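Take a look at the structure below.
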Amino acid sequence: MIIDFHTHIFSPIIRENREDFFNGEEAFKTIYNSPQARLAGARELIAAMDEAGVQKSAVFGFPWENAEYFKLNNDYVVEAVDRYPGRLAGLACFSPLSPAGAREAERCLDQGLSGVGELAVYGGGITADVVQALEPVMAMCLGRNGLFMLHTNEPVGHPYPGKTPNTLRQIYDFVKAYPENRIILAHWGGGLLFYALMKKEVAKVLNNVWFDTAASPFLYRPEMYRIAGEVVGFDKILFGSDFPLLKPQRYFKEMGDAGLSPDQINRISGLNAQDLLDKVSPDDDL
């Protein structure tokens with residue numbers, strides 16, 4: 001089974017009128033201002049999944065600042081999950097600093113979504129204010145067995161649209177603040193995983209943390225898969241394509257180039273994700 005744990009979709013009104021959503025949304029404008037930056041819908045995602053042999057995808061929108069925008073996008077994700085049962089698992093997305101975040105998380109979980117994510121603070125780091133603001137959201141996810149995905153990126157190297165000024169200390173402090181939550185750190189956790197090699201504390205703090213591979217072909221050499229698996233365990237890595245950014249085949253080729261065994265590839269490509277999703281509360285228990 002192949003499960004893509006990192007995909008983005010947008011409603012038709014956003015896809016067809018993206019410029020109308022730039023005002024007050026600097027992060028969205030920065031990332032999607034270029035016409036080459038694709039905005040895709042649920043139908044395109046399902047077609048891409050069928051082409052690549054992906055059975056299921058975790059899907060979400062964008063961490064909008066405007067509550068009307070994130071409700072619009074989250075409603076579209078809910079509709080997509082309902083339209084393609086068994087193919088999509090949805091996450092609720094909104095600005096981590098939004099005062100309406102907890103209510104929106106509850107609303108979306110009530111409608112059958114599997115958690116919250118990919119939340120991001122594109123204009124700043126994952127500060128103490130962000131950690132505190134997300135306390136009710138994290139409590140909501142924990143109480144519902146919901147998943148939580150956080151956008152992270154490496155704090156060094158080349159710049160690119162959407163790269164945040166987060167630090168490894170900030171990512172670590174966030175995870176440490178919520179040890180019982182099941183947290184997915186997008187984009188390899190910005191490299192935080194390497195500190196699991198330390199003899200004290202870090203490996204224990206990362207016990208309930210998984211790392212997705214989104215955008216890896218743009219960021220790391222193929223051996224990243226092997227090294228990461230040796231450091232944190234191959235059961236802690238989730239394949240994520242960052243659809244529509246890259247096709248799954250790029251990732252699978254790099255896993256092969258890294259010399260991973262079939263069992264290791266199967267774990268990364270879907271078994272780990274299925275284990276996570278199986279523990280999410282069924283809809284009738286929400």
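By counting other Cβ atoms within 10 Å of each Cβ, how are Phe60, Phe22, Phe252, Phe70 ranked from fewest to most? Provide the component values of the computation, followed by the final result.
On the way: Phe60 27, Phe22 13, Phe252 18, Phe70 23.
By the 10 Å Cβ count, ascending: Phe22, Phe252, Phe70, Phe60.
Going from the alpha-carbon gyration tensor of the range 159-252, what semi-axes, largest first and in whole Å, does one get by taking the root of 5 times each eigenvalue? Over the Cα atoms of the range 159-252, the ellipsoid semi-axes are 22, 15, 12 Å.
For the range 260-266, backbone phi angles converted through the Karplus equation (6.51, -1.76, 1.60; θ = phi - 60°) give residue-by-residue couplings of 5, 6, x, 5, 5, 5, 5 Hz, Gly and Pro being listed as x. Taking 25 Å as the straight-line reach from the Cα of Lys236, the lysines in range (excluding those fewer than 8 positions away in the same chain) are Lys56, Lys163, Lys176, Lys199, Lys200, Lys204, Lys247, Lys253, Lys279. One Cα centroid belongs to the range 147-175, the other to the range 36-60; the line between them spans 25 Å. Pairwise Cα separations in the chain fall into 5 Å bins from 0 onward with the following percentages, short to long: 1, 6, 13, 18, 21, 19, 14, 7, 2, 0, 0.
Here the mean projected area of the convex hull built on the C-alpha positions of the range 50-206 is 10.2 nm². Mean-square fluctuations from a GNM of the chain, with a 10 angstrom spring cutoff on Cα atoms, peak among Val130, Val156, Val54 at Val156. A viscosity of 0.692 mPa s and a temperature of 37 °C, combined with the Kirkwood radius over C-alpha pairs in the Stokes-Einstein formula, give the range 1-119 a diffusion coefficient of 228 µm²/s. Highest mobility in the GNM of the chain, judged by mean-square fluctuation with C-alpha springs under 10 Å and restricted to Pro244, Pro136, Pro96, is found for Pro136. Sorted ascending by nearby beta carbons within 10 Å, beginning with the fewest, Lys204, Lys71, Lys176 become Lys204, Lys176, Lys71.
Only the coordinates and a few stated rules stand behind these numbers; no lab work does. As the structure is a computational prediction, the values presented were derived from the model and not from experiment. We place every Cβ from the backbone using ideal geometry, glycine too, and count neighbours over all the protein chains shown.
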